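Asks: The structure under discussion is supplied below as structure tokens; questions concerning it will follow.
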Amino acid sequence: MISTGSITTLPRKAEDFLASEEIGRELGKFIEASRILTRTIDRIAFESDASLYGLIPKAVVQPINLEEVRRLFRFSHDRKIPLTFRSGGTSLSGQAITDGILVDVGRYWRSAQVEEDGRLLRVQPGLIGQQANQMLKPYRAKIGPDPASITAARIGGILSNNASGMCCGVAQNAYHTLRSLTFLLPSGTKINSADPDADALFWNLEPELAAGLLDIKHQLESNPQLSLRIREKYRMKNTTGYSLNAFLDYTTPVQIFSHLLIGAEGTLAFIAEAVLETVRDLPFKSTGLLLFPGLHAACEAILPLREAGAAALELMDRASLRSVEDKPGIPAEIRLLPENAAALLVEFQTVDGTALAAETAKAQAALANLKVIGKAEFTDDPVEQEKLWKIRKGLFPSVGAVRAKGTTVIIEDVVFPIEHLADAAVELSHLFVKHGYTEAIIFGHAKDGNLHFVIAQGFNSEVERCQYREFIDDVVDLVVRKYDGALKAEHGTGRNMAPFVETEWGSEAYSIMQWLKSLADPHNLLNPGVILNSDPEAHLEDLKKMPVVEDEIDKCIECGYCEPKCPSRDLTLTPRQRIVVRRELQRLKDEGASHAAYDALNRDFPYMVLDTCAVDGLCATACPVDIDTGKLTKRFRQLRHTAFANQVAAAIARNFGFMEFGARLALTVGHAVQRVFGLACMKGITRLVDKASRSILDEAFWQWSAEMPRPRRGPLPARPRQDAEALYFPACISRIMGALPDEQQETSVTQALLNIADRAGVKLWIPNEVGGNCCGVPSPPRALRWPTMQPSIAS
């Protein structure tokens, strides 16, 4: 560790990077080299998850099967190097980072299978939660957990954090919807809990662990007071520490351990596959935004509405409403609310319209005796419902978008007993004032007593560090000592609350958790420091520094929502990783010292960050704060061009139709040359042109290959605007290129999409003006520096 004053920064010594190369060579003895990432830029790219922490791994490994994972465990044990598994990296409390070996299972562990007519889903840890729900949609089912990050969070993290969400509550979380697990222990033992002989195998291969689990179970059951405390704590949302309720809920070692892995944050074993029981996706919904004069009044409405059958009760304080009140589509009355107002977003979900009407009527009756501002109205219009949910979903990013430069966004989730929620919520808001968090907001799943709070925090001085330490100490006092709640509801314990697990649970329960960890991971090499940490200030170590960079990306909160949308995510880097690398370059530059890491990053930055970014803006469609990483790419690409090059680019953009024609002509001529003189001749011609271009212009040139498509033939298909449901903008690449050389039938990409739309009954309109317009920026191979062109028509 390098210490600057009292602010901890990340190790960047040259010998650290040399050690990584050595580790990579050793790993290469049993894992393909292309799936071992030890370059500086790769390791920096994986240093961050969605939390306030950052650690640079010694290597990033992407295994493809259990045997490779088993050998990674053995390697970790032999070399005494920690091992941490990551699926999506959307964890908010630093669970998915390490300075050891990071095992990325989001890349190759994505298979899933629907079973028993939608009642079960067999799934690997790398599948995104929303993709799982899309598979289940035809069966009118979904997975139980519904975290706000479900569009990016993967099953491995959802299970390992025991995620829940807005409507999930306790009954439908990952713990309660688990049917079976296939897991691999650090010792190399593989167990499928669904196998009939699973317990016999467990006893045979892991006798000490099996016996230890039953010893813990016996100790808990012989202590009525502690057993009762465990039961009480798991009646509400709670992910602080290990899932001790597994010892009381199950009898066999395999079932106990399988459920201990839910919420274990990858500290006990590797989850290779899960079979989840699905829940019904109720089709009838009624949603209303109810306004109250204050936070206390809104909380008082929770119990009556919950008893009326509300599936979701989302609390929002005045500060959170203020953060979104100027966004498009937000009801105008929100801007006129008094200073201390609050709101509840209420939704009822049922199997049929009759039941929905009955529950909504019960809600109206309950509201008659509550302090509601204005009329309480509910809607079953999906468009209006989406507008209301947009208010709630925009809260977290709203703080990220307006925070001061150089700060990071911290979101924590606490739980209070529902009968104390009103008083506790008010007292929590007072802590913001006490500690100077003027932009802080409170919102959350009030039906379960679960509140989220969001603050913007800098860690660039000792004053800021002390501010955060004192604030967290007061939060712990409020949640644990005053109201006996839970410090973590659904985000997992993580690094932020690991020092306070014993404070919440007490010494006896904490010692049992330590016992469990020593049984499963005796060498403490599996994600160490997460959940259990003896350092009382561990939550103040390994904090991210957020240097000020370009305006296009400065407000990025590194949540990872953008990653599934990125076309080059499996080629080089994702948008989040591009931003992380850019920030690290700036951080090293600000230090003013010479760094081997800086030189290495600077060398690989052009290709990994700039030349392989598609700049299509898809990342912005998923980004909570509307960041288009392509804008940063365009800025840097422009800086690489001369004034003459920019003039040429502008001329091409204004006459893009000629470029399309020229490209089709080049393909036609190229294939003609290949037919007459052979493939080798055409390759040789482009190699000569490439050599000349590099020598004269310092520019690379396109290379011919056997896979080069033939030019598109004929005009674009005509599709009228009348009655069209969507606009289709065929990309320039689709307008230029046609069938592949080995394809006998000429069916262009454009025609193929139109054929699919026809089968789906969706009418598409192709504007007549499409030809000659670019829908984005081509990204040529081999780091070609191509002119930047803005779209003329939205794609």
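The values are calculated or read from the model by the stated rules, or taken from the named source; none is laboratory data. Quick caveat, the model's predicted, so the values are computed rather than measured. Note: ideal-geometry Cβ built from the backbone for every residue, glycine included; neighbour counts use all protein chains shown. Please note that ligands, DNA and RNA were not included when accessible areas were found on the heavy atoms of the full protein model with its side chains. Shrake-Rupley method; radii C 1.70, N 1.55, O 1.52, S 1.80 Å.
Asks: Quick check: the angle from helix 656-677's long axis to the longest principal axis of the chain, C-alpha only, nearest 10 degrees?
Replies: Between the helix axis and the principal axis of the chain, the angle is about 70 degrees.
Asks: How are the alpha carbon pair distances in the chain distributed across 20 Å bins from zero to the largest one, expressed in percent?
Replies: 14, 45, 33, 7, 0
Asks: I'd like the orientation of helix 224-233 relative to the chain: the angle between its Cα long axis and the longest Cα principal axis, in ° from 0 to 90, rounded to 10.
Replies: On a 0 to 90 degree scale, this one is about 40.
Asks: Multiplying the sequence separation of residue 733 and residue 235 by 0.36 nm and subtracting their Cα-Cα distance, what value in nm do you get?
Replies: Taking 0.36 nm per residue and subtracting the Cα distance, the gain is 173.7 nm.
Asks: Does segment 720-773 come out rounded, prolate or oblate, given a ≥ b ≥ c as the square roots of the eigenvalues of its C-alpha gyration tensor, rounded meaning a/c under 1.5 and, failing that, prolate meaning a/b above b/c?
Replies: Verdict is oblate for segment 720-773.
Asks: Checking the a/c ratio against 1.5 first, then a/b against b/c, what shape does the Cα gyration tensor give for segment 295-386?
Replies: Oblate, since a/c reaches 1.5 and b/c is not below a/b.
Asks: Follow-up question, since we're still on this one. Ignoring ligands, DNA and RNA, please state the percent of accessible area on the chain from carbon and sulfur, probe 1.4 Å.
Replies: C and S atoms contribute 53 percent here.
Asks: If you project the alpha carbons of segment 541-678 onto their three principal axes, what span does each projection cover, largest first, in Å?
Replies: Computed over the Cα atoms, the extents are 66, 35, 33 Å.
Asks: Over the chain, what is the mean sequence separation of C-alpha contacts under 8 Å (at least six apart), divided by residue count, expressed as relative contact order in percent?
Replies: It rounds to 12 percent for the chain.
Asks: While we're on this one: For residue 700 and residue 78, FRET efficiency with R0 = 35 Å and r from the beta-carbon atoms, rounded to 0.05?
Replies: Efficiency at R0 = 35 Å is approximately 0.20.
Asks: I want to make sure I understand the PRE zone here: with the label point 7 angstrom from the Cα of residue 692 toward its beta carbon, which residues in segment 636-671 have backbone N atoms less than 17 Å away?
Replies: The answer is 666, 670.
Asks: Angle between the Cα long axis of helix 353-367 and the longest principal axis of the chain, 0 to 90 degrees, nearest 10?
Replies: On a 0 to 90 degree scale, this one is about 60.
Asks: Another question, then. Tell me what the chain gives for mean residue ellipticity at 222 nm when only DSSP H runs of n ≥ 4 count, each as -39,500 (n - 2.57), the sum divided by the residue total, rounded to 500 deg cm²/dmol.
Replies: -12000 deg cm²/dmol
Asks: Going highest first, how would you order 462-473, 715-726 by mean Cβ packing within 10 Å?
Replies: Top to bottom by mean Cβ count within 10 Å: 462-473, 715-726.
Asks: Further, regarding this structure: Can you tell me the order of 633-646, 80-93, 598-611 when each peptide is scored by its average per-residue count of other Cβ atoms within 10 angstrom, highest first?
Replies: For the peptides 633-646, 80-93, 598-611, the packing ranking is 80-93, 598-611, 633-646.
Asks: Still on this structure, I have one more. For residue 673 and residue 602, FRET efficiency with R0 = 60 Å and r from the beta-carbon atoms, rounded to 0.05?
Replies: Taking R0 as 60 Å, the efficiency between residue 602 and residue 673 is 0.90.
Asks: With a cut-off of 19 Å, note down the residues of segment 464-490 whose backbone N falls inside the zone around a label point 7 Å from the Cα of residue 541 toward its beta carbon.
Replies: Of the residues in segment 464-490, 465-466, 468-470, 472-473 have backbone N under 19 Å from the label point off residue 541.
Asks: Please give the peptides 474-484, 242-252, 224-234 ranked by average Cβ packing (other Cβ atoms within 10 Å per residue), highest first, as a rough proxy for protection.
Replies: Taking the mean over residues of other Cβ atoms within 10 Å, the ranking is 242-252, 474-484, 224-234.
Asks: Express the relative contact order of segment 344-494 as a whole percentage, based on alpha carbon pairs under 8 Å and six or more residues apart in sequence.
Replies: The value is 24 percent.
Asks: Restricting everything to alpha-carbon atoms, can you work out Rg to Rh for segment 352-475 with a Kirkwood hydrodynamic radius?
Replies: Here the Rg-to-Rh quotient is 1.07.
Asks: Could you tell me how many cubic angstrom of Cα convex hull volume segment 681-733 has per residue?
Replies: So the per-residue Cα hull volume is 129 Å³.
Asks: Loop-only trypsin sites (Lys or Arg not before Pro) in segment 663-718, please: DSSP not H, G, I, E or B, and at most 13 other Cβ atoms within 10 Å.
Replies: 713
Asks: By how many nm would the segment from residue 420 to residue 140 lengthen if fully extended, with 0.36 nm per residue of separation less the alpha-carbon distance?
Replies: That works out to 97.1 nm of additional length.
Asks: Right, here's the next one. Just add up the charged neighbours of residue 532: K/R +1, D/E -1, any other residue whose Cβ is under 12 Å from the Cβ of residue 532.
Replies: -2
Asks: Can you pull a Stokes-Einstein diffusion coefficient for segment 291-342 at 20 °C (1.002 mPa s), Rh from Kirkwood over Cα pairs, as a whole number of µm²/s?
Replies: Translational D for this selection: 181 µm²/s.
Asks: Let me ask something else. What distance in nm lies between label points placed 7 Å from Cα along the C-beta direction at residue 433 and residue 26?
Replies: The answer from the label model is 5.7 nm.
Asks: Let me ask you something else. Tell me, what is the percent relative contact order of segment 497-553, built from C-alpha pairs under 8 Å that lie six or more residues apart?
Replies: 52 percent
Asks: Report, by chain and number, residues whose modeled amide H sits under 5 Å from the one on residue 85, excluding near sequence neighbours (fewer than 5 apart, same chain).
Replies: Long-range HN contacts for residue 85: 103.
Asks: What FRET efficiency comes out for the pair residue 386/residue 681, r = Cβ-Cβ distance, R0 = 56 Å, nearest 0.05?
Replies: 0.45
Asks: What does the extension gain come out to for residue 369 and residue 111, with contour length at 0.36 nm per residue minus their alpha carbon separation?
Replies: 87.8 nm
Asks: Continuing with the same structure: Where only protein heavy atoms count, and the probe is 1.4 Å, what is the accessible area per residue for the chain in Å²?
Replies: Result: 42 Å² per residue.
Asks: Give the residue list of chymotrypsin sites (Phe, Trp or Tyr not before Pro) in segment 255-358 that are DSSP loop and have at most 12 other beta-carbon atoms within 10 angstrom.
Replies: Within segment 255-358, no chymotrypsin sites (Phe, Trp or Tyr not before Pro) qualify (loop, at most 12 other Cβ atoms within 10 Å).
Asks: Near residue 563, within a Cβ-to-Cβ distance under 9 Å, what is the net charge of the other residues, with Lys and Arg +1 and Asp and Glu -1?
Replies: The answer is +3.
Asks: Mind pulling up the Rg/Rh value for segment 477-617? Radius of gyration and Kirkwood radius, both on Cα.
Replies: That ratio equals 1.09.
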